[in-house]
Amino acid sequence: MSMTDREPQALDVLDDAGQKVLFTEARTANTFAEVPVADDELAMIWELARWSPSSANGQPLRALFVRTREGKERLVRHLDEGNRAKTFSAPAVAILAYDVDFHEQMPTVFPARGEVLRAAFADQIDAREGIAAYNSALQTGVFLLAVRAAGLAAGPMAGFDKAGVDREFFAGTSWRSPGR
């Protein structure tokens, strides 16, 4: 059903408690409880965030969840000193990235024009890079709200070696770390 086939509907309004959790009382977390984060919690976060708005439903955001001591040790080597302790103490860390080859999924995420868009972007790596970086930044904001909606604390972070994280975690893939 297309948007033009639908009757306009009033949207539900998020109640006061929900608004507080997501917006008015939410702050960036720098400390975390020593409580493990379960697989179903991470799955819930991803299911909430993965379909967030992006240009032509391109959905370039990708998430790699790190919970093991070994994974965190690999990660903290690439973080600025001020980010290491809090990252290591978090029960789960999401390394967010964008997929520069997001266009390969266009037939699935935008069936009406997916094949056309996939073909149009096939040889346009610079355009895909810019589009993926921009749209994944938008989706990152939604991801943080999904973390909060799952009842967990979130702390977005800059202050890391982008190239180092990409070599360590995304070598051989089309995923790229956002940022500097």
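The values are calculated or read from the model by the stated rules, or taken from the named source; none is laboratory data. The model shown is predicted, which means the values in this text are computed figures rather than measured ones. Note: ideal-geometry Cβ built from the backbone for every residue, glycine included; neighbour counts use all protein chains shown. Side chains included, ligands, DNA and RNA excluded: accessible areas come from the protein's heavy atoms. Shrake-Rupley method; radii C 1.70, N 1.55, O 1.52, S 1.80 Å.
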Note to self: with every protein chain in place and a 1.4 Å probe, the range 39-157 gives an accessible area per residue in Å² of 51 Å²
Label point distance in nm, residue 7-residue 115, each placed 7 Å from Cα along Cα→Cβ:
3.5 nm
At a threshold of 8 angstrom on Cα-Cα distance, excluding pairs fewer than six apart, so keeping six or more, what relative contact order does the range 41-180 reach in percent?
34 percent
At a 1.4 Å probe radius, carbon and sulfur cover how many percent of the accessible area of the range 96-180?
58 percent
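With n ≥ 4 as the cut-off for DSSP H runs, can you work out [θ] at 222 nm for the chain, using -39500 (n - 2.57) per run divided by the number of residues, rounded to the nearest 500? Show your work: numbers first, answer last.
Details: 8 runs with 78 residues, N = 180.
Counting only the DSSP helices, I get -12500 deg cm²/dmol.
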How much length is gained if the chain between residue 81 and residue 168 is pulled fully straight, taking 0.36 nm per residue apart and subtracting their Cα-Cα distance, in nm to one decimal?
29.5 nm
The range 67-129, relative contact order [Cα under 8 Å, separation at least 6], %:
23 percent
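Calculate the dipole size of the chain relative to its Cα centre from +1 charges on Lys and Arg beta carbons and -1 charges on Asp and Glu beta carbons; express the result in debye to the nearest 20. Walk me through the numbers on the way to the answer.
Numbers: 20 positive and 25 negative charges, 106 e Å.
I would put it at about 500 debye.
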Would you kindly state how much longer the chain becomes between residue 125 and residue 161 on full extension, computed as 0.36 nm times their sequence separation minus their alpha carbon distance, in nm to one decimal?
10.7 nm
Where does each of 124-136, 48-60 land if you order them by average Cβ count within 10 Å, highest first?
48-60, 124-136
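Please report, in whole Å³, the volume per residue of the convex hull around the C-alpha atoms of the range 51-180. Write down the numbers at each step before the final one.
Numbers: hull volume 13.9 nm³, N = 130.
Per residue, the Cα convex hull of the range 51-180 comes to 107 Å³.
If you count, for each residue, the other Cβ atoms within 10 Å and average over each peptide, how do 22-30, 171-179 line up from highest to lowest?
Those peptides, ordered most packed to least, come out 171-179, 22-30.
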